[in-house]
1. Kindly provide the set of residues from segment 293-331 that are over 24 Å from the mean Cα position of the chain (by Cα) and among the aliphatic types (A, V, I, L, M), ordered by number.
2. Would you pick out the residues in segment 245-275 that are within 26 Å of residue 161 (Cβ to Cβ), part of a loop (DSSP other than H, G, I, E, B) and either within 16 Å of ligand 1 (Cβ to nearest atom) or not polar (S, T, N, Q) (or both)?
3. On the given criteria, is residue 114 in contact (Cβ under 8 Å) with a residue 40 or more places away in the chain, within 16 Å of ligand 1 (Cβ to nearest atom) and under 22 Å from residue 250 (Cα atoms)?
4. I need the full set of residues from segment 370-393 which are of a type in the set (A, V, I, L, M, F, W, C) and surrounded by fewer than 18 Cβ atoms within 10 Å (Cβ to Cβ), in order please.
5. Test each condition in (1) within 23 Å of residue 119 (Cβ to Cβ); (2) buried (at least 20 other Cβ atoms within 10 Å of the Cβ); (3) in contact with a helix residue (DSSP H, G or I) (Cβ under 7 Å, 6 or more places away or on another chain) for residue 188 and report the one that comes out false.
6. Can you report the number of residues in segment 176-191 which are touching a strand residue (DSSP E or B) at 6+ places or on another chain (Cβ under 8 Å) and at pLDDT 95 or above?
7. Residue check: is residue 291 touching a residue at least 60 places away in the same chain (Cβ under 8 Å), outside the structural domain of residue 360 (by TED's automatic domain parsing) and of a type in the set (Val, Ile, Thr)?
8. Which numbered condition in (1) surrounded by fewer than 17 Cβ atoms within 10 Å (Cβ to Cβ); (2) over 24 Å from the mean Cα position of the chain (by Cα); (3) in a helix (DSSP H, G or I) is the only one that residue 396 fails?
Amino acid sequence: LFYDIVVEPDASEGAESSAGARSARPNEGDGAGASSNAGAIGSAASPPQQGSSASAGSANFSEQDSPSESAPDEEDDTVRNPFAIPGIQKATIDSQLNSNYTFDRFIQGDCNRLARSASWAIAQEPGGTSFNPFLVYGGVGLGKTHLIQSIGNQAKETGTADTVLYVSSERFTTEFVQSIQRNRISEFSMFYRQIDLLIVDDVQFFSGKEKTQEEFFHIFNALHQSGKQIVLSADRPPREIDGIEERLLSRFQWGLSADVQAPGLETRIAILQRKAEDDQIDLDQEVIEFIAHNIKSNIRELEGALIRLLAHASLHQRDLDLDLAKEVLRDLMQDVQVNLTIEEIQRIVCEYFDINEDLIRAKTRKREVVRARQIAMYFCKEMTQHSLKTIGLHFGGRDHSTVIHAVKTVEDQVDTDTQFRDAVDQIGRKIELRSR
Ligand code: ADP
Ligand code: MG
(Lines give C-alpha, C1' and ligand atoms only; values in the text may rest on other atoms or scores of the structure.)
(Ligands and ions follow the chains in the order given, each with its own letter.)
Protein backbone atom coordinates (compact mmCIF):
# COMPACT_ATOMS: atom_id res chain seq x y z
CA LEU A 1 0.00 0.00 0.00
CA PHE A 2 1.24 3.44 -0.85
CA TYR A 3 0.37 4.95 2.43
CA ASP A 4 2.58 2.55 4.30
CA ILE A 5 5.70 4.48 3.70
CA VAL A 6 9.08 5.27 5.08
CA VAL A 7 9.67 8.66 6.47
CA GLU A 8 12.90 10.44 6.92
CA PRO A 9 12.88 12.50 10.06
CA ASP A 10 14.10 16.01 9.60
CA ALA A 11 17.11 17.34 11.42
CA SER A 12 15.12 19.12 14.06
CA GLU A 13 13.15 16.15 15.25
CA GLY A 14 14.50 15.12 18.65
CA ALA A 15 12.17 15.62 21.50
CA GLU A 16 9.49 17.07 19.39
CA SER A 17 9.37 14.11 17.14
CA SER A 18 9.31 11.42 19.74
CA ALA A 19 6.76 13.30 21.73
CA GLY A 20 4.60 13.67 18.70
CA ALA A 21 5.18 10.30 17.25
CA ARG A 22 2.46 7.83 17.42
CA SER A 23 3.00 4.28 16.65
CA ALA A 24 1.73 3.38 13.29
CA ARG A 25 0.86 -0.16 14.03
CA PRO A 26 -2.70 -1.01 13.22
CA ASN A 27 -4.37 -2.73 16.08
CA GLU A 28 -5.74 -5.62 14.14
CA GLY A 29 -2.31 -7.17 13.93
CA ASP A 30 -2.56 -7.06 10.23
CA GLY A 31 0.16 -9.39 9.13
CA ALA A 32 -1.81 -10.38 6.09
CA GLY A 33 -3.09 -7.01 5.16
CA ALA A 34 0.07 -5.02 5.57
CA SER A 35 2.43 -4.56 2.71
CA SER A 36 5.97 -5.77 2.91
CA ASN A 37 6.91 -2.29 3.94
CA ALA A 38 5.09 -2.70 7.16
CA GLY A 39 7.30 -5.52 8.23
CA ALA A 40 10.51 -4.01 7.05
CA ILE A 41 9.98 -0.62 8.46
CA GLY A 42 8.01 -1.46 11.47
CA SER A 43 6.63 1.15 13.67
CA ALA A 44 8.09 3.79 15.86
CA ALA A 45 10.67 2.31 18.11
CA SER A 46 10.35 5.13 20.54
CA PRO A 47 7.93 4.36 23.28
CA PRO A 48 4.63 5.78 22.35
CA GLN A 49 3.46 8.63 24.45
CA GLN A 50 0.09 8.00 25.78
CA GLY A 51 -2.28 10.60 24.51
CA SER A 52 0.43 12.48 22.74
CA SER A 53 -1.19 12.50 19.40
CA ALA A 54 -4.60 13.71 18.68
CA SER A 55 -4.17 13.51 14.96
CA ALA A 56 -6.79 12.00 12.82
CA GLY A 57 -6.70 8.31 12.57
CA SER A 58 -4.70 7.71 15.71
CA ALA A 59 -7.65 6.11 17.36
CA ASN A 60 -7.20 3.24 14.99
CA PHE A 61 -3.80 2.33 16.23
CA SER A 62 -2.93 0.39 19.26
CA GLU A 63 0.01 2.15 20.70
CA GLN A 64 0.91 -0.67 23.03
CA ASP A 65 1.61 -3.04 20.22
CA SER A 66 4.52 -1.30 18.74
CA PRO A 67 7.64 -1.63 20.90
CA SER A 68 7.67 -5.38 20.88
CA GLU A 69 7.41 -5.47 17.15
CA SER A 70 10.04 -2.99 16.15
CA ALA A 71 13.31 -4.22 14.81
CA PRO A 72 16.12 -3.68 17.29
CA ASP A 73 18.43 -1.87 14.94
CA GLU A 74 15.88 0.51 13.66
CA GLU A 75 16.19 4.23 13.86
CA ASP A 76 14.24 5.52 16.75
CA ASP A 77 12.32 7.93 14.67
CA THR A 78 11.42 5.80 11.71
CA VAL A 79 7.72 6.07 11.58
CA ARG A 80 5.51 4.43 9.09
CA ASN A 81 2.76 6.93 8.94
CA PRO A 82 4.15 10.39 9.04
CA PHE A 83 1.04 12.41 8.74
CA ALA A 84 0.45 15.12 11.24
CA ILE A 85 3.60 14.23 13.06
CA PRO A 86 5.61 17.28 13.99
CA GLY A 87 9.22 17.27 13.02
CA ILE A 88 8.80 15.08 10.00
CA GLN A 89 9.93 16.81 6.94
CA LYS A 90 9.89 14.58 3.97
CA ALA A 91 8.39 11.30 3.11
CA THR A 92 10.24 8.94 0.83
CA ILE A 93 7.68 8.01 -1.69
CA ASP A 94 8.29 5.61 -4.49
CA SER A 95 6.91 7.38 -7.51
CA GLN A 96 6.01 4.14 -9.26
CA LEU A 97 7.37 5.56 -12.48
CA ASN A 98 8.82 3.48 -15.27
CA SER A 99 12.13 5.10 -16.13
CA ASN A 100 11.77 4.15 -19.80
CA TYR A 101 8.84 6.46 -20.21
CA THR A 102 10.66 9.69 -20.94
CA PHE A 103 10.11 12.61 -23.28
CA ASP A 104 13.29 11.67 -25.00
CA ARG A 105 11.78 8.36 -26.07
CA PHE A 106 8.44 9.80 -26.98
CA ILE A 107 8.16 10.53 -30.68
CA GLN A 108 6.21 13.61 -31.52
CA GLY A 109 3.80 13.78 -34.42
CA ASP A 110 0.60 15.47 -35.46
CA CYS A 111 -1.22 12.79 -33.56
CA ASN A 112 0.08 13.90 -30.20
CA ARG A 113 1.58 17.35 -30.61
CA LEU A 114 -0.66 19.31 -28.29
CA ALA A 115 -0.65 16.65 -25.61
CA ARG A 116 3.11 16.40 -25.77
CA SER A 117 3.75 20.16 -25.66
CA ALA A 118 1.40 20.63 -22.74
CA SER A 119 3.04 17.73 -20.92
CA TRP A 120 6.43 19.26 -21.42
CA ALA A 121 5.27 22.63 -20.14
CA ILE A 122 3.78 21.00 -17.07
CA ALA A 123 6.97 19.11 -16.31
CA GLN A 124 8.87 22.42 -16.24
CA GLU A 125 6.46 23.92 -13.77
CA PRO A 126 4.06 21.48 -12.15
CA GLY A 127 1.09 23.34 -10.74
CA GLY A 128 2.36 26.55 -12.30
CA THR A 129 0.56 26.42 -15.62
CA SER A 130 -3.11 26.81 -16.33
CA PHE A 131 -3.13 23.16 -17.38
CA ASN A 132 -4.33 21.91 -14.06
CA PRO A 133 -5.62 19.32 -14.14
CA PHE A 134 -4.20 18.09 -17.39
CA LEU A 135 -6.09 15.23 -18.97
CA VAL A 136 -4.79 13.16 -21.86
CA TYR A 137 -7.33 11.00 -23.63
CA GLY A 138 -7.32 8.58 -26.52
CA GLY A 139 -7.49 4.94 -27.51
CA VAL A 140 -5.47 1.98 -26.36
CA GLY A 141 -1.77 1.90 -27.10
CA LEU A 142 -1.48 5.48 -28.27
CA GLY A 143 1.01 6.64 -25.69
CA LYS A 144 -1.07 8.05 -22.83
CA THR A 145 0.74 6.18 -20.10
CA HIS A 146 4.10 6.89 -21.65
CA LEU A 147 3.37 10.59 -21.90
CA ILE A 148 1.99 11.17 -18.45
CA GLN A 149 4.83 9.19 -16.89
CA SER A 150 7.29 11.33 -18.85
CA ILE A 151 5.96 14.33 -16.97
CA GLY A 152 6.70 12.60 -13.69
CA ASN A 153 10.15 11.42 -14.70
CA GLN A 154 11.11 14.81 -16.03
CA ALA A 155 9.78 16.70 -13.02
CA LYS A 156 11.71 14.44 -10.71
CA GLU A 157 14.88 14.62 -12.70
CA THR A 158 14.90 18.37 -12.94
CA GLY A 159 13.60 18.83 -9.43
CA THR A 160 10.48 20.77 -10.31
CA ALA A 161 8.42 18.50 -8.06
CA ASP A 162 9.54 16.78 -4.89
CA THR A 163 6.94 14.13 -4.42
CA VAL A 164 5.60 12.56 -7.55
CA LEU A 165 3.20 9.67 -7.65
CA TYR A 166 1.94 7.67 -10.58
CA VAL A 167 -1.07 5.50 -9.82
CA SER A 168 -3.62 3.74 -11.97
CA SER A 169 -7.18 4.46 -11.03
CA GLU A 170 -7.62 0.74 -10.36
CA ARG A 171 -4.84 0.73 -7.82
CA PHE A 172 -6.19 3.89 -6.26
CA THR A 173 -9.55 2.17 -5.94
CA THR A 174 -8.15 -1.04 -4.51
CA GLU A 175 -6.07 0.76 -1.93
CA PHE A 176 -8.94 2.98 -0.98
CA VAL A 177 -11.18 -0.02 -0.40
CA GLN A 178 -8.47 -1.66 1.67
CA SER A 179 -8.03 1.47 3.71
CA ILE A 180 -11.70 1.30 4.59
CA GLN A 181 -11.43 -2.32 5.58
CA ARG A 182 -8.44 -1.57 7.75
CA ASN A 183 -9.88 1.55 9.27
CA ARG A 184 -7.19 3.68 7.80
CA ILE A 185 -8.99 6.06 5.54
CA SER A 186 -7.34 9.10 7.06
CA GLU A 187 -3.88 7.70 6.37
CA PHE A 188 -4.92 7.02 2.85
CA SER A 189 -6.24 10.46 2.30
CA MET A 190 -3.35 12.21 4.00
CA PHE A 191 -0.90 10.25 1.99
CA TYR A 192 -2.29 11.66 -1.22
CA ARG A 193 -2.44 15.17 0.13
CA GLN A 194 1.32 15.41 0.35
CA ILE A 195 1.93 14.69 -3.34
CA ASP A 196 3.17 17.58 -5.45
CA LEU A 197 2.51 15.94 -8.78
CA LEU A 198 -0.20 13.31 -8.83
CA ILE A 199 -0.62 11.27 -12.00
CA VAL A 200 -3.71 9.08 -12.25
CA ASP A 201 -3.94 6.78 -15.24
CA ASP A 202 -7.14 5.54 -16.87
CA VAL A 203 -9.66 7.45 -14.80
CA GLN A 204 -12.52 5.85 -16.73
CA PHE A 205 -12.16 2.98 -14.25
CA PHE A 206 -13.55 5.23 -11.54
CA SER A 207 -16.82 4.81 -13.33
CA GLY A 208 -19.58 3.57 -11.05
CA LYS A 209 -17.35 3.62 -7.95
CA GLU A 210 -19.08 6.29 -5.96
CA LYS A 211 -17.14 6.17 -2.72
CA THR A 212 -13.82 6.15 -4.52
CA GLN A 213 -14.92 9.08 -6.60
CA GLU A 214 -15.89 10.97 -3.52
CA GLU A 215 -12.51 10.37 -1.93
CA PHE A 216 -10.74 11.32 -5.11
CA PHE A 217 -12.86 14.43 -5.36
CA HIS A 218 -11.65 15.61 -1.97
CA ILE A 219 -8.04 14.78 -2.71
CA PHE A 220 -8.36 16.56 -6.02
CA ASN A 221 -9.70 19.68 -4.34
CA ALA A 222 -7.06 19.68 -1.64
CA LEU A 223 -4.23 19.33 -4.13
CA HIS A 224 -5.66 21.78 -6.59
CA GLN A 225 -6.24 24.40 -3.95
CA SER A 226 -2.67 24.20 -2.79
CA GLY A 227 -1.35 24.55 -6.29
CA LYS A 228 -0.29 20.95 -6.73
CA GLN A 229 -0.36 19.45 -10.19
CA ILE A 230 -2.82 16.78 -11.21
CA VAL A 231 -2.39 14.79 -14.41
CA LEU A 232 -5.00 12.34 -15.63
CA SER A 233 -5.57 10.00 -18.53
CA ALA A 234 -8.71 8.45 -19.92
CA ASP A 235 -9.61 6.29 -22.87
CA ARG A 236 -12.15 8.80 -24.18
CA PRO A 237 -13.06 12.46 -23.81
CA PRO A 238 -14.17 13.23 -20.26
CA ARG A 239 -17.71 14.10 -21.33
CA GLU A 240 -18.17 10.59 -22.64
CA ILE A 241 -17.13 8.78 -19.50
CA ASP A 242 -20.28 7.35 -18.02
CA GLY A 243 -20.78 6.71 -14.35
CA ILE A 244 -18.66 9.56 -13.06
CA GLU A 245 -20.21 12.17 -10.83
CA GLU A 246 -20.90 15.47 -12.48
CA ARG A 247 -18.83 17.50 -10.04
CA LEU A 248 -15.79 15.32 -10.64
CA LEU A 249 -16.27 15.27 -14.40
CA SER A 250 -16.47 19.02 -14.47
CA ARG A 251 -13.23 19.25 -12.51
CA PHE A 252 -11.55 16.95 -14.98
CA GLN A 253 -12.26 19.66 -17.52
CA TRP A 254 -11.06 22.63 -15.52
CA GLY A 255 -7.61 22.71 -16.99
CA LEU A 256 -6.66 21.30 -20.34
CA SER A 257 -7.75 18.14 -22.10
CA ALA A 258 -5.71 16.99 -25.05
CA ASP A 259 -6.09 13.90 -27.15
CA VAL A 260 -3.64 11.46 -28.62
CA GLN A 261 -4.61 9.90 -31.90
CA ALA A 262 -3.39 7.04 -33.99
CA PRO A 263 -0.07 8.02 -35.52
CA GLY A 264 0.25 8.76 -39.21
CA LEU A 265 2.67 6.92 -41.44
CA GLU A 266 5.65 9.21 -40.87
CA THR A 267 5.25 9.03 -37.13
CA ARG A 268 4.96 5.25 -37.26
CA ILE A 269 8.18 5.10 -39.24
CA ALA A 270 9.91 7.44 -36.80
CA ILE A 271 8.76 5.36 -33.85
CA LEU A 272 10.04 2.15 -35.39
CA GLN A 273 13.34 3.75 -36.28
CA ARG A 274 13.73 5.00 -32.77
CA LYS A 275 12.90 1.62 -31.22
CA ALA A 276 15.35 -0.11 -33.51
CA GLU A 277 18.01 2.39 -32.55
CA ASP A 278 17.32 2.05 -28.85
CA ASP A 279 17.56 -1.69 -29.06
CA GLN A 280 20.54 -1.53 -31.38
CA ILE A 281 18.85 -3.48 -34.10
CA ASP A 282 19.99 -3.04 -37.64
CA LEU A 283 16.79 -2.78 -39.64
CA ASP A 284 16.56 -1.96 -43.31
CA GLN A 285 14.47 1.04 -44.16
CA GLU A 286 12.27 -1.12 -46.38
CA VAL A 287 11.47 -3.41 -43.49
CA ILE A 288 10.62 -0.47 -41.27
CA GLU A 289 8.39 1.00 -43.92
CA PHE A 290 6.70 -2.29 -44.57
CA ILE A 291 5.76 -2.66 -40.91
CA ALA A 292 4.70 0.97 -40.66
CA HIS A 293 2.51 0.61 -43.73
CA ASN A 294 0.74 -2.44 -42.42
CA ILE A 295 0.26 -1.81 -38.73
CA LYS A 296 -1.83 1.27 -38.30
CA SER A 297 -4.03 0.95 -35.31
CA ASN A 298 -1.73 1.64 -32.42
CA ILE A 299 1.81 1.93 -31.19
CA ARG A 300 1.72 -1.02 -28.89
CA GLU A 301 0.96 -3.23 -31.88
CA LEU A 302 3.72 -1.59 -33.81
CA GLU A 303 6.13 -2.53 -31.06
CA GLY A 304 4.61 -5.98 -30.88
CA ALA A 305 5.28 -6.53 -34.57
CA LEU A 306 8.89 -5.52 -34.14
CA ILE A 307 9.37 -7.81 -31.17
CA ARG A 308 7.81 -10.65 -33.07
CA LEU A 309 10.04 -10.03 -36.02
CA LEU A 310 13.11 -10.11 -33.82
CA ALA A 311 11.98 -13.27 -32.11
CA HIS A 312 11.50 -15.03 -35.44
CA ALA A 313 14.84 -13.87 -36.71
CA SER A 314 16.71 -15.17 -33.71
CA LEU A 315 14.73 -18.37 -33.15
CA HIS A 316 14.85 -19.45 -36.76
CA GLN A 317 18.21 -17.86 -37.45
CA ARG A 318 16.85 -15.85 -40.28
CA ASP A 319 17.95 -12.54 -41.71
CA LEU A 320 15.92 -9.55 -40.67
CA ASP A 321 14.76 -8.81 -44.16
CA LEU A 322 11.60 -7.96 -46.01
CA ASP A 323 10.71 -11.59 -46.68
CA LEU A 324 10.74 -12.41 -43.03
CA ALA A 325 8.78 -9.27 -42.22
CA LYS A 326 6.10 -10.30 -44.69
CA GLU A 327 5.80 -13.77 -43.23
CA VAL A 328 5.67 -12.55 -39.67
CA LEU A 329 3.13 -9.86 -40.37
CA ARG A 330 0.93 -12.17 -42.34
CA ASP A 331 0.69 -14.38 -39.26
CA LEU A 332 0.03 -11.39 -37.09
CA MET A 333 -2.79 -10.11 -39.27
CA GLN A 334 -4.39 -13.50 -39.38
CA ASP A 335 -4.24 -13.76 -35.62
CA VAL A 336 -6.16 -10.55 -35.36
CA GLN A 337 -8.68 -11.33 -38.01
CA VAL A 338 -9.27 -14.99 -37.54
CA ASN A 339 -12.87 -15.78 -36.69
CA LEU A 340 -14.04 -12.30 -37.34
CA THR A 341 -17.17 -12.53 -39.44
CA ILE A 342 -19.17 -9.96 -41.32
CA GLU A 343 -22.12 -10.71 -39.06
CA GLU A 344 -20.05 -9.97 -36.00
CA ILE A 345 -19.01 -6.62 -37.36
CA GLN A 346 -22.62 -5.84 -38.20
CA ARG A 347 -23.71 -6.78 -34.73
CA ILE A 348 -21.07 -4.65 -33.02
CA VAL A 349 -21.80 -1.61 -35.18
CA CYS A 350 -25.55 -1.91 -34.65
CA GLU A 351 -25.04 -2.34 -30.94
CA TYR A 352 -22.95 0.80 -30.89
CA PHE A 353 -25.61 2.87 -32.63
CA ASP A 354 -28.40 1.04 -30.91
CA ILE A 355 -30.25 0.10 -34.08
CA ASN A 356 -31.87 -3.12 -35.11
CA GLU A 357 -29.47 -5.39 -36.93
CA ASP A 358 -31.96 -6.38 -39.59
CA LEU A 359 -32.15 -2.79 -40.77
CA ILE A 360 -28.54 -2.79 -41.84
CA ARG A 361 -29.35 -5.51 -44.38
CA ALA A 362 -32.70 -4.02 -45.34
CA LYS A 363 -33.57 -1.45 -47.97
CA THR A 364 -34.09 1.42 -45.57
CA ARG A 365 -32.28 4.67 -46.29
CA LYS A 366 -32.84 6.33 -42.96
CA ARG A 367 -29.85 8.40 -42.13
CA GLU A 368 -28.65 6.66 -39.03
CA VAL A 369 -29.06 3.27 -40.66
CA VAL A 370 -27.11 4.35 -43.72
CA ARG A 371 -24.33 5.65 -41.49
CA ALA A 372 -24.15 2.39 -39.53
CA ARG A 373 -24.26 0.37 -42.73
CA GLN A 374 -21.41 2.34 -44.26
CA ILE A 375 -19.27 2.04 -41.15
CA ALA A 376 -19.91 -1.68 -40.96
CA MET A 377 -18.96 -2.09 -44.63
CA TYR A 378 -15.84 -0.09 -44.01
CA PHE A 379 -14.75 -2.39 -41.20
CA CYS A 380 -15.58 -5.50 -43.19
CA LYS A 381 -13.23 -4.29 -45.87
CA GLU A 382 -10.53 -3.22 -43.39
CA MET A 383 -10.63 -6.15 -41.04
CA THR A 384 -11.68 -9.21 -42.96
CA GLN A 385 -10.35 -10.89 -46.02
CA HIS A 386 -13.70 -10.94 -47.79
CA SER A 387 -14.05 -9.51 -51.27
CA LEU A 388 -16.13 -6.40 -51.88
CA LYS A 389 -18.62 -8.59 -53.65
CA THR A 390 -19.05 -10.93 -50.67
CA ILE A 391 -19.33 -7.99 -48.33
CA GLY A 392 -22.03 -6.44 -50.49
CA LEU A 393 -23.98 -9.68 -50.55
CA HIS A 394 -24.01 -9.79 -46.77
CA PHE A 395 -25.61 -6.38 -46.70
CA GLY A 396 -28.87 -7.35 -48.30
CA GLY A 397 -27.39 -8.15 -51.69
CA ARG A 398 -25.85 -4.78 -52.45
CA ASP A 399 -23.20 -4.68 -55.11
CA HIS A 400 -19.51 -4.02 -54.77
CA SER A 401 -19.69 -0.42 -55.94
CA THR A 402 -21.93 0.36 -52.98
CA VAL A 403 -19.24 -1.03 -50.71
CA ILE A 404 -16.57 1.06 -52.40
CA HIS A 405 -18.70 4.14 -52.01
CA ALA A 406 -19.33 3.36 -48.34
CA VAL A 407 -15.63 2.91 -47.62
CA LYS A 408 -14.79 6.16 -49.35
CA THR A 409 -17.53 8.05 -47.53
CA VAL A 410 -16.32 6.82 -44.16
CA GLU A 411 -12.69 7.61 -44.94
CA ASP A 412 -13.59 11.14 -46.02
CA GLN A 413 -15.70 11.83 -43.00
CA VAL A 414 -13.06 10.46 -40.65
CA ASP A 415 -10.71 13.10 -42.03
CA THR A 416 -13.05 16.00 -41.52
CA ASP A 417 -15.31 15.19 -38.60
CA THR A 418 -13.66 14.51 -35.26
CA GLN A 419 -16.79 13.25 -33.59
CA PHE A 420 -17.32 10.79 -36.37
CA ARG A 421 -13.72 9.72 -36.17
CA ASP A 422 -13.99 9.10 -32.44
CA ALA A 423 -17.02 6.92 -33.07
CA VAL A 424 -15.23 4.96 -35.76
CA ASP A 425 -12.19 4.56 -33.50
CA GLN A 426 -14.31 3.27 -30.68
CA ILE A 427 -16.11 0.81 -32.88
CA GLY A 428 -12.79 -0.37 -34.29
CA ARG A 429 -11.56 -1.08 -30.81
CA LYS A 430 -14.70 -2.98 -29.93
CA ILE A 431 -14.29 -5.13 -32.99
CA GLU A 432 -10.63 -5.74 -32.31
CA LEU A 433 -11.26 -6.73 -28.74
CA ARG A 434 -13.83 -9.32 -29.64
CA SER A 435 -11.86 -10.78 -32.47
CA ARG A 436 -8.98 -11.91 -30.33
P1 ADP B 1 -1.74 3.83 -23.70
O2 ADP B 1 -1.45 4.16 -22.28
O3 ADP B 1 -2.32 4.99 -24.46
O4 ADP B 1 -2.54 2.59 -23.87
P5 ADP B 1 1.10 3.38 -23.81
O6 ADP B 1 1.61 4.67 -23.25
O7 ADP B 1 1.11 2.22 -22.90
O8 ADP B 1 -0.34 3.57 -24.44
O9 ADP B 1 1.94 3.07 -25.14
C10 ADP B 1 2.04 1.79 -25.68
C11 ADP B 1 3.47 1.56 -26.12
O12 ADP B 1 3.80 2.40 -27.20
C13 ADP B 1 4.49 1.87 -25.03
O14 ADP B 1 5.50 0.92 -25.07
C15 ADP B 1 5.03 3.23 -25.40
O16 ADP B 1 6.36 3.39 -25.00
C17 ADP B 1 4.91 3.23 -26.90
N18 ADP B 1 4.62 4.56 -27.40
C19 ADP B 1 3.43 5.17 -27.38
N20 ADP B 1 3.49 6.38 -27.94
C21 ADP B 1 4.77 6.56 -28.34
C22 ADP B 1 5.46 7.61 -28.99
N23 ADP B 1 4.84 8.75 -29.37
N24 ADP B 1 6.79 7.44 -29.24
C25 ADP B 1 7.40 6.30 -28.88
N26 ADP B 1 6.80 5.27 -28.26
C27 ADP B 1 5.50 5.38 -27.98
MG1 MG C 1 -2.12 3.23 -20.56
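1. The answer is 309, 310, 311, 313, 315, 320, 322, 324, 325, 328, 329.
2. Of everything in segment 245-275, those that are within 26 Å of residue 161 (Cβ to Cβ), part of a loop (DSSP other than H, G, I, E, B) and either within 16 Å of ligand 1 (Cβ to nearest atom) or not polar (S, T, N, Q) (or both) turn out to be 254, 255, 260.
3. yes
4. 370, 393
5. (1)
6. The number of residues fulfilling the criteria is 0.
7. Details: touching a residue at least 60 places away in the same chain (Cβ under 8 Å): no; outside the structural domain of residue 360 (by TED's automatic domain parsing): yes; of a type in the set (Val, Ile, Thr): yes.
No; evaluated as a whole, the condition is false for this residue.
8. (3)
The values are calculated or read from the model by the stated rules, or taken from the named source; none is laboratory data. Model, not experiment: these values are computed from the prediction. Glycine also receives a Cβ, built like all others from the backbone with ideal geometry; neighbour counts cover every protein chain displayed.
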